[in-house]
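Participant: Just dropping this structure here.
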Amino acid sequence: MVELVSGLVPEGASVVFLGDGEFDGIRLQQTMQDAGWFYVCRTGCHMTASWDGESFRLDTLGACIKPGTLIELSEVLLTREDYGPIMLLCCWAKGYKDPLYLVTNMASAEEACRVYTKRFRIETFFSDQKSRGFHLHKSHLSNPQRLSRLLIAACLAYIWIVYLGSVCMQEGWVSIIHRGDRCDLSLFQLGLRLLDHFLNENFPITVAFHVFI
C-alpha cells in the first residue's frame, strides 16, 4: 500500500504515517523510510530493543514510569534484527491504565506524540464503515478494483449520512429519534436513525446528492 500511494503523492509533499500495533513491522518501517515518509506507529510492550549496548523488553520502561511521564530514547535498535536507528517513546498519559509504546523516525518526541494523537480520530470512521454502520467487512471482497468501487460509494454515503445528522441537530429531530435531555450519539449515528425514521414514517427525504450534467 505504501509503495502504491507513494507514487500518487505530489513531489515535495510531507507525509506522516500513523499506525496501530499491526504497522510496527521493521519491513514496513524500512519501506516508509525509503519512501521518504515520517512515521509514528504503536508497538507492543513485548517487543525487544537495544539502546546504548543494552537489550531490554519495552515493558521494562513502562515499569519505571508513572502516569504523566514520557521516556524518549534515540538511536534505538529494534528487535533481534537490530533495525534502526529509530526513536522509541514510552508515554503514559494521565487517566490511562497503561503506557503507550511508539516507534518513529521523527526527530522530535513532542511532535511525534502530537501527531499520533490524530490517529484516534479515524477509529470512529472505521467503526461507522464496519460494525456500527455499513458493515463493509461482511462484503468479503478481495479484488482491489471492486473494493475500491465499494469504498467510493460508502464514503459518499458516509458524507450524506453525517449531513443528515447535522440536519437532525439543527431541525430538532434529536428529541424525537433519540432523547430530549442529552445526546450521546455521533452525527453519523444520528443520521442513520433519522434516515430510518423517515423511511418508517414514509416522510420525504429532502437532503440528497444531485449530479449536474
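The values are calculated or read from the model by the stated rules, or taken from the named source; none is laboratory data. Just so it is clear, the model here is predicted, and its values are computed rather than measured. With ideal geometry, Cβ positions are generated from the backbone for all residues, glycine too; neighbour counts draw on all protein chains shown. Protein only, heavy atoms only, side chains kept; ligands, DNA and RNA dropped before computing areas. Shrake-Rupley method; radii C 1.70, N 1.55, O 1.52, S 1.80 Å.
Participant: Find the residue count for the stretch 177-203, including only residues that are open to solvent by 60 Å² or more (accessible area, probe 1.4 Å) and modelled with pLDDT under 90. It would help to see each step written out before you state the result.
Facilitator: As a first pass, look at the stretch 177-203 and keep what is open to solvent by 60 Å² or more (accessible area, probe 1.4 Å): 179-182, 184, 187, 193, 196, 199-203.
Adding the requirement that they be modelled with pLDDT under 90 leaves 179-182, 184.
Within the stretch 177-203, residues that are open to solvent by 60 Å² or more (accessible area, probe 1.4 Å) and modelled with pLDDT under 90 number 5.
Participant: Out of Y116, Y101, Y96, I need the residue that is aromatic (F, W, Y), in contact with a helix residue (DSSP H, G or I) (Cβ under 9 Å, 6 or more places away or on another chain) and on the phi < 0 side of the Ramachandran plot. Which one?
Facilitator: Y101
Participant: Now for a different question. Sort out which residues of the stretch 22-43 are open to solvent by less than 80 Å² (accessible area, probe 1.4 Å) and over 21 Å from E111 (Cβ atoms), and write them in order of number.
Facilitator: Filtering the stretch 22-43 down to residues open to solvent by less than 80 Å² (accessible area, probe 1.4 Å) leaves 23-26, 28-32, 35-37, 39-41, 43.
Once the filter is applied, which keeps residues that are open to solvent by less than 80 Å² (accessible area, probe 1.4 Å) and over 21 Å from E111 (Cβ atoms), the stretch 22-43 yields G25, I26, Q30, T31.
Participant: With the structure loaded, tell me whether G68 is touching a Pro at 6+ places or on another chain (Cβ under 8 Å), of a type in the set (G, A, S) and modelled with pLDDT under 90 or whether it fails that test. Working first, answer last.
Facilitator: Working: touching a Pro at 6+ places or on another chain (Cβ under 8 Å): no; of a type in the set (G, A, S): yes; modelled with pLDDT under 90: yes.
So G68 fails the test.
Participant: Next up: Name the residue that is nearest to the chain's Cα centre (by Cα), counting only residues in the stretch 10-36 that are assigned to a loop (DSSP other than H, G, I, E, B) and of a type outside the set (D, E, K, R). I'd like the intermediate steps shown before the answer.
Facilitator: Here is the first cut: in the stretch 10-36, the ones assigned to a loop (DSSP other than H, G, I, E, B) are 10-15, 20, 24-25, 36.
Remaining after also requiring of a type outside the set (D, E, K, R): 10, 12-15, 25, 36.
Working: P10: 22, G12: 24, A13: 20, S14: 18, V15: 15, G25: 17, G36: 21 Å.
Looking at the filtered set, the residue picked out is V15.
Participant: Criterion first (of a type in the set (S, T, N, Q) and exposed (fewer than 12 other Cβ atoms within 10 Å of the Cβ)) does S55 satisfy it? Before the answer, list the steps.
Facilitator: Details: of a type in the set (S, T, N, Q): yes; exposed (fewer than 12 other Cβ atoms within 10 Å of the Cβ): yes.
For S55, the condition - of a type in the set (S, T, N, Q) and exposed (fewer than 12 other Cβ atoms within 10 Å of the Cβ) - is met.
Participant: Within the set of pairs 6+ apart or on separate chains, which have a first residue in the stretch 15-44 that is under 20 Å from W92 (Cα atoms) and at pLDDT below 95, a second that is in a helix (DSSP H, G or I) and open to solvent by less than 50 Å² (accessible area, probe 1.4 Å), and C-beta atoms under 7 Å apart?
Facilitator: As it stands, the answer is L18/V115; L18/Y116; L18/R119; R42/G21; T43/G21; G44/G21, since those pairs meet every condition given.
Participant: Taking into account only those residues within the stretch 87-122 that are among the basic types (K, R) and assigned to a helix (DSSP H, G or I), which is surrounded by the fewest Cβ atoms within 10 Å (Cβ to Cβ)?
Facilitator: R121
Participant: Given the conditions (1) surrounded by 17 or more Cβ atoms within 10 Å (Cβ to Cβ); (2) within 23 Å of the chain's Cα centre (by Cα); (3) among the hydrophobic types (A, V, I, L, M, F, W, C), report the number of the one that L77 does not fulfil.
Facilitator: Answer for L77: the failing condition is (2).
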